[in-house]
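Worksheet for the structure shown next.
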């Protein structure tokens, strides 16, 4: 008889096998070390931009494994009542949902954010010319460029502890997908850290005029693009319709 422990962490599968012979007792000579237990998760639905690209037979860029990366990266406080109340703008039932549904919501949220920020393309790079953002990156020493799925910068490594390595990346071509800042796992996990800092540590709303992404600032063009991507949230987020009263 064989028993298997399922996925237990990013890129880790732990298999524990126990063989029982006919009428004989056998002791396991080695015990597999216990790995981290994965939190409960559910698949996230496709955002409109992803669904449209798939419908048209275009390169979607988005990999469903990235949803799993996001769900695994979500800290406990982002599935708790510490999440600011304006989350209900997109997910009215957030506080009543199970943990796996909350993680699926956040996976959808970051997919929508990546759709608005980078069209879901992980190698997207943008140099902004607006005075307030056209500054020098404190890590690279060069003009700031927003890069990757969530349009992040090298100085985010210093601010939020993101897994970017400028010394490695500066030796590669600008759009090389091997750059640490362009790798989806690094970029998305960094985005989770940034949002966690905003809504949990700083206790700011999800949609804040002083938030990291202008895409999450209501009234901007990019916010309207983002809001359109938030129209297919997981079913658990949606309010149940009022019960029908039978007519007599």
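Listed by first and then second residue, the pairs linking a residue in segment 115-131 that is in the same structural domain as residue 225 (by TED's automatic domain parsing) and modelled with pLDDT under 85 to a residue that is surrounded by fewer than 16 Cβ atoms within 10 Å (Cβ to Cβ) and part of a loop (DSSP other than H, G, I, E, B), with Cβ atoms under 6 Å apart and 6 or more places separating them unless they lie on different chains, are 128/134. Among the residues of segment 201-222, those that are without any contact (Cβ under 8 Å) to a residue 60 or more places away in the chain and either farther than 17 Å from residue 82 by Cβ or not assigned by TED's automatic domain parsing to the domain that holds residue 150 (or both) comprise 209, 210, 212, 214, 217, 218, 219, 220, 221.
On the given criteria, is residue 150 in contact with a strand residue (DSSP E or B) (Cβ under 8 Å, 6 or more places away or on another chain), part of a loop (DSSP other than H, G, I, E, B) and in contact (Cβ under 8 Å) with a residue 12 or more places away in the chain?
no
Got at least one residue in segment 100-115 being surrounded by fewer than 23 Cβ atoms within 10 Å (Cβ to Cβ) and part of a loop (DSSP other than H, G, I, E, B)? For segment 100-115, residues surrounded by fewer than 23 Cβ atoms within 10 Å (Cβ to Cβ) and part of a loop (DSSP other than H, G, I, E, B): absent.
Where helices (runs of 4 or more DSSP H) fall wholly inside segment 153-248, the ranges with 2 or more residues that are under 14 Å from residue 110 (Cα atoms) and at pLDDT 95 or above are 184-196, 221-229. Only one of the listed residues (153, 138) is more than 20 Å from the chain's Cα centre (by Cα) and assigned by TED's automatic domain parsing to the domain that holds residue 229. That residue is 138.
The values are calculated or read from the model by the stated rules, or taken from the named source; none is laboratory data. Quick caveat: nothing in here was measured; it's all calculated off a predicted structure. Because the Cβ atoms are built from the backbone with ideal geometry, glycine has one as well, and the counts that use them run over all protein chains shown.
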